[in-house]
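Undergrad: Attaching a single structure in structure tokens format; questions to follow.
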Amino acid sequence: MRCPECGYEDSKVIDSRPTDGRIRRRRECLSCKCRFTTYEIVENIPLMVVKKDHSIEPFDPIKLAERIRRATIKRPVSYESIENMVDDIEAELKNKLQKEVSSEQIGDMVLEKLKKTDHVAYIRFASVYKDFSDAESFIKIISELE
């Protein structure tokens, strides 16, 4: 951050606090000791999902939660744990700093979370996500669980 008084390019942060969706920072120039305030705004880059048919749509955590809920119907999986799964997946995707992610990556992440949470829900989700066409596909995925 360039000092407004002397133009020196280095400063240290004295105080930092969130205000109105921004971060307010008090800084001190390392050259002339001038103090000044800066404001930082967090830029949210929308995460886009590339579907199997190569169409692109915005990532929708509500839609993801609904798909997981379908797999967990009549299973001992709480809404809170589903919301935590979705939050974890969304945070992990955003931390990768990619603008686009494939639906397959998201599906694999969901399977990983469901495998740790509930095996029946895992099999239900996998049967739709991996498009099982015969009983052998079910047997194969069940054998992976054992």
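The values are calculated or read from the model by the stated rules, or taken from the named source; none is laboratory data. Computed from a predicted structure; not experimentally measured. No Cβ is skipped: glycine too gets one built from the backbone with ideal geometry, and neighbour counts run over all protein chains shown.
Undergrad: Can you pull out every residue in region 97-131 that is outside any helix (DSSP H, G or I) and in contact with a helix residue (DSSP H, G or I) (Cβ under 6 Å, 6 or more places away or on another chain)?
TA: Step one: list which residues in region 97-131 are outside any helix (DSSP H, G or I), which gives 97-102, 118, 130-131.
Val101 - this is the single residue of region 97-131 that is outside any helix (DSSP H, G or I) and in contact with a helix residue (DSSP H, G or I) (Cβ under 6 Å, 6 or more places away or on another chain).
Undergrad: Okay, next question. Quick check on my filter: what residues within region 1-51 are among the charged types (D, E, K, R), more than 25 Å from the chain's Cα centre (by Cα) and part of a loop (DSSP other than H, G, I, E, B)? Even if it seems obvious, please write down each step before you answer.
TA: Step one: list which residues in region 1-51 are among the charged types (D, E, K, R), which gives 2, 5, 9-10, 12, 15, 17, 20, 22, 24-28, 33, 35, 40, 43, 51.
From what is left, the residues that are more than 25 Å from the chain's Cα centre (by Cα) are 2, 5, 9-10, 12, 15, 24-28, 33, 35.
Hits for region 1-51 are Arg2, Glu5, Glu9, Asp10, Lys33.
Undergrad: For region 1-30, give me each residue that is aliphatic (A, V, I, L, M) and touching a residue at least 24 places away in the same chain (Cβ under 8 Å).
TA: Once the filter is applied, which keeps residues that are aliphatic (A, V, I, L, M) and touching a residue at least 24 places away in the same chain (Cβ under 8 Å), region 1-30 yields only Met1.
Undergrad: Looking at region 3-29, which of the residues that are surrounded by 12 or more Cβ atoms within 10 Å (Cβ to Cβ) and among the small types (Gly, Ala, Ser) is modelled with the highest pLDDT?
TA: Restricting to residues being surrounded by 12 or more Cβ atoms within 10 Å (Cβ to Cβ) and among the small types (Gly, Ala, Ser), the top hit is Ser11.
Undergrad: Under 7 Å between Cβ atoms, at least 6 apart or on separate chains: pull out the pairs that start in region 61-75 with a residue that is in a helix (DSSP H, G or I) and end on any residue that is small (Gly, Ala, Ser).
TA: As it stands, the answer is Ala71/Ala121, since those pairs meet every condition given.
Undergrad: Right, Glu66: under 25 Å from the mean Cα position of the chain (by Cα) and of a type in the set (Asp, Glu) or not?
TA: On the way: under 25 Å from the mean Cα position of the chain (by Cα): yes; of a type in the set (Asp, Glu): yes.
Criteria met by Glu66.
Undergrad: Would you please list the contacts, defined by Cβ atoms under 8 Å and residues six or more apart or on different chains, that run from a residue in region 125-146 that is over 17 Å from Leu114 (Cα atoms) to a residue that is in a loop (DSSP other than H, G, I, E, B) and basic (Lys, Arg)?
TA: So the pair list comes out as Ser137/Lys130.
Undergrad: Then there's this: Being within 27 Å of Glu144 (Cβ to Cβ), at pLDDT below 90 and out of contact with any helix residue (DSSP H, G or I) (no Cβ under 7 Å at 6 or more places or on another chain), is that true of even one residue in region 37-44?
TA: The answer is no, given that none of the residues of region 37-44 is within 27 Å of Glu144 (Cβ to Cβ), at pLDDT below 90 and out of contact with any helix residue (DSSP H, G or I) (no Cβ under 7 Å at 6 or more places or on another chain).
Undergrad: Scan region 30-55 for residues that are surrounded by 12 or more Cβ atoms within 10 Å (Cβ to Cβ), of a type in the set (Ser, Thr, Tyr) and in contact with a Lys or Arg (Cβ under 8 Å, 6 or more places away or on another chain) and jot them down.
TA: Thr38
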